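One structure is given here, and the rest of the page talks about it.
The values are calculated or read from the model by the stated rules, or taken from the named source; none is laboratory data. Given the structure is predicted, the values throughout are model-derived calculations rather than measurements. Using ideal geometry, Cβ is built from the backbone for each residue, glycine included, and neighbour counts are taken over all protein chains shown.
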Amino acid sequence: MKLLNRVALIAMSVAIMFIATENPTWAADSIRQPASAVRTAYEYDNYPNTDLPQVRQDFFIATDANKTQETPAAEQPSPNSSQETMGSNETAYAAPPDPPKPWHLPQPCIFQEHNITMGGWLQQGITFNNLRPADGFNGPNYTNDLDRQYQLNQFWVFFNRPTNTDGCGMDLGGRVDVVYGTDWRFGQCYGLETRFDDSNSFYGLILPQFYMEVAINDLKIKLGHFATFTSYEVIPAPMNFFYSDSYLMGGYFDPLLVTGMQGEYKLNDNWTLIGGINRGWMMFEDPTNSWNFLGGGKWTSSDKKSTLSLMVDAGDQVGFTGLRSRNTCYIVYTHQLTEKLLYASQYDIGQEVNGSVVTPGQNANYYGLEQVLIYKLNDKWSAGVRYEWACDEEGSRVAGIGTLMGTDKGWQGQPGFAGSFHDVTIGLNYRPNPNFVFRPCVRWDSYDGLRNPANQYPYGNFDRTSQFTFAMDLITTF
């Protein structure tokens, strides 16, 4: 019965994806979006550039100014006025005002001379849990994990020098990201932040990315410490619609941050190949001295309405049962259904050899899916809904960050939750101007498995199988 339910869920999701792509009544004749607005979660330099506030939500800012830019010059009206003739009367209309532009930090002259951009954002929020858990944590919920406590999640500053060869020549670049906040607990890497951060503090400093990039014609090679961007939702807060993170995006199923080398080769305007080696999930130094492969491909449709990513991660990783071979496949698909409606989905499947926590010696399978719809209500408001199902068959993936860190500054759930986690989230985005976005959301989580070997359920005081949370955050970009 469980197998049939899983097959039905996956079949339903694939059917939705197929209908969204093929049914012409679901899609507008033209999105009229710049190509840069149709982005995918695995493009490494989505968020660093000058228009930080215009990520993800760019899907929903299709202004008259954008439409004018796409109109051939010979067909464009005067920029100051247009005339409509009705019989012998002529009426002049003022051109619509330009949309407001985001404010950015003043760039030092030396940065401008060398094409370096400096910027960042401040993310702060709070979450309320209906169970009022005694330990003050929202169970396995990821970065908004504290109940009724203010969180400065991310105070993020970046320095970015992108490469650009236009397909011919050579260029050098790189970037550095520095982040302070409560999110440090979920972004620390072995051998890096573990050397200078205090595990007994809610707040700390992390360096999620610092790398050099070499571009030769259509090939880019990244060397250093960088984000994998294998999931639809990602670490930089402005790129996500919801404040609360999905299980698939979190470190339970996703490598998040790695150290090594990654190459990206642009085959043509539609296809890009990716491949490289790294030290493993959340590893700056690997005590096992093993290497991990991460690679795949990404595709963008010619009309920029659809994107598809297929990434594979394979190699030996340190899990709850020791050093084991872990292999995971990530599929991310997005499609602009209409000018105002975006559909996105993710599908993960993986296995850790001999990684079972509940049945020692048995292979541990894990898999899941995420379905997202986001609709632009008007120029300031957007609404979104997310459903997620994440199955950890042998309890090998989900455990508390407090357990991993050996501290009471994080949820202390033990590994071994052999079952399925479900998440239904409904949220809004309010953007009063391009530098601010307010993101309230409600979320219902449930778990349909057995207690773990420590006799815990994941929610409440380790005695509940579901919870309800209301969360909100404010992101200020600069």
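Data for the structure
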item: Residue within segment 131-149 that is among the hydroxyl-bearing types (Ser, Thr, Tyr) and over 17 Å from Met239 (Cα atoms) present; result: no
item: Criterion (among the hydroxyl-bearing types (Ser, Thr, Tyr) and crowded, with 20+ Cβ neighbours inside 10 Å) met by exactly one of Tyr211, Tyr180, Tyr203, Tyr190; result: Tyr211
item: Pair list, Cβ under 7 Å, 6 or more apart: segment 371-395 residue under 17 Å from Phe438 (Cβ atoms), other residue basic (Lys, Arg) and assigned to a strand (DSSP E or B); result: Lys380/Arg431; Ser382/Lys376
item: Tally of residues being among the aliphatic types (A, V, I, L, M) and under 18 Å from Leu131 (Cα atoms) across segment 432-465; result: 1
item: Failed criterion for Asp177 (all others in (1) touching a Phe, Trp or Tyr at 6+ places or on another chain (Cβ under 7 Å); (2) of a type in the set (D, E, K, R); (3) more than 10 Å from Ile206 (Cα to Cα) hold); result: (3)
item: Flag for Arg324 being assigned to a strand (DSSP E or B), buried (at least 21 other Cβ atoms within 10 Å of the Cβ) and among the basic types (Lys, Arg); result: no
item: Residue that is farthest from Val358 (Cα to Cα) [pool: residues in segment 449-467 that are in a loop (DSSP other than H, G, I, E, B) and hydroxyl-bearing (Ser, Thr, Tyr)]; result: Thr465
item: The one condition in (1) free of Cβ contacts under 8 Å to residues at least 40 places away in the same chain; (2) farther than 23 Å from Gln317 by Cα; (3) more than 23 Å from the chain's Cα centre (by Cα) that Val353 fails to fulfil; result: (2)
item: In segment 130-179, the residues that are of a type in the set (S, T, N, Q), assigned to a strand (DSSP E or B) and under 26 Å from Tyr247 (Cα atoms); result: Gln151, Asn153, Gln154
item: Options Thr338, Thr328; residue that is touching a residue at least 40 places away in the same chain (Cβ under 8 Å), among the hydroxyl-bearing types (Ser, Thr, Tyr) and closer than 22 Å to Glu393 by Cα; result: Thr328
item: Filtered residue count, segment 452-478, keeping only those that are β-branched (Val, Ile, Thr) and within 19 Å of Arg397 (Cα to Cα); result: 1
item: Filtered residues of segment 145-194 (kept if out of contact with any helix residue (DSSP H, G or I) (no Cβ under 6 Å at 6 or more places or on another chain) and charged (D, E, K, R)); result: Asp145, Asp147, Arg148, Arg161, Asp166, Asp171, Arg175, Asp177, Asp183, Glu193
item: Segment 449-473, subset small (Gly, Ala, Ser) and surrounded by fewer than 18 Cβ atoms within 10 Å (Cβ to Cβ), residue farthest from Phe421 (Cα to Cα); result: Ala454
item: Subset of segment 400-434 [within 19 Å of Tyr252 (Cα to Cα), of a type in the set (Gly, Ala, Ser) and surrounded by 18 or more Cβ atoms within 10 Å (Cβ to Cβ)]; result: Gly400, Gly402, Gly410, Gly413, Gly416, Ala418, Gly419, Ser420
item: Residues of segment 112-143 satisfying the condition of being in contact (Cβ under 8 Å) with a residue 24 or more places away in the chain and more than 26 Å from Tyr252 (Cα to Cα); result: His114, Asn115, Ile116, Thr117, Met118, Gly119, Gly120
item: Lone qualifier among Pro133, Pro108, Pro140 - being over 28 Å from Trp444 (Cα atoms) and of a type outside the set (D, E, K, R); result: Pro108
item: Residues satisfying the stated conditions in segment 142-180, i.e. within 16 Å of Gly402 (Cα to Cα) and out of contact with any Asp or Glu (no Cβ under 7 Å at 6 or more places or on another chain); result: Asn144, Asp145, Leu146, Asp147
item: Matching entry among Ile349, Ile374, Ile274 (being surrounded by fewer than 20 Cβ atoms within 10 Å (Cβ to Cβ), of a type in the set (Val, Ile, Thr) and more than 26 Å from Arg185 (Cβ to Cβ)); result: Ile349
item: Flag for Gly191 being at pLDDT below 95 and closer than 20 Å to Gly125 by Cβ; result: no
item: Unique match (being touching a His at 6+ places or on another chain (Cβ under 7 Å), in contact (Cβ under 8 Å) with a residue 40 or more places away in the chain and farther than 20 Å from Thr476 by Cβ) among Arg161, Arg185, Arg175; result: Arg161
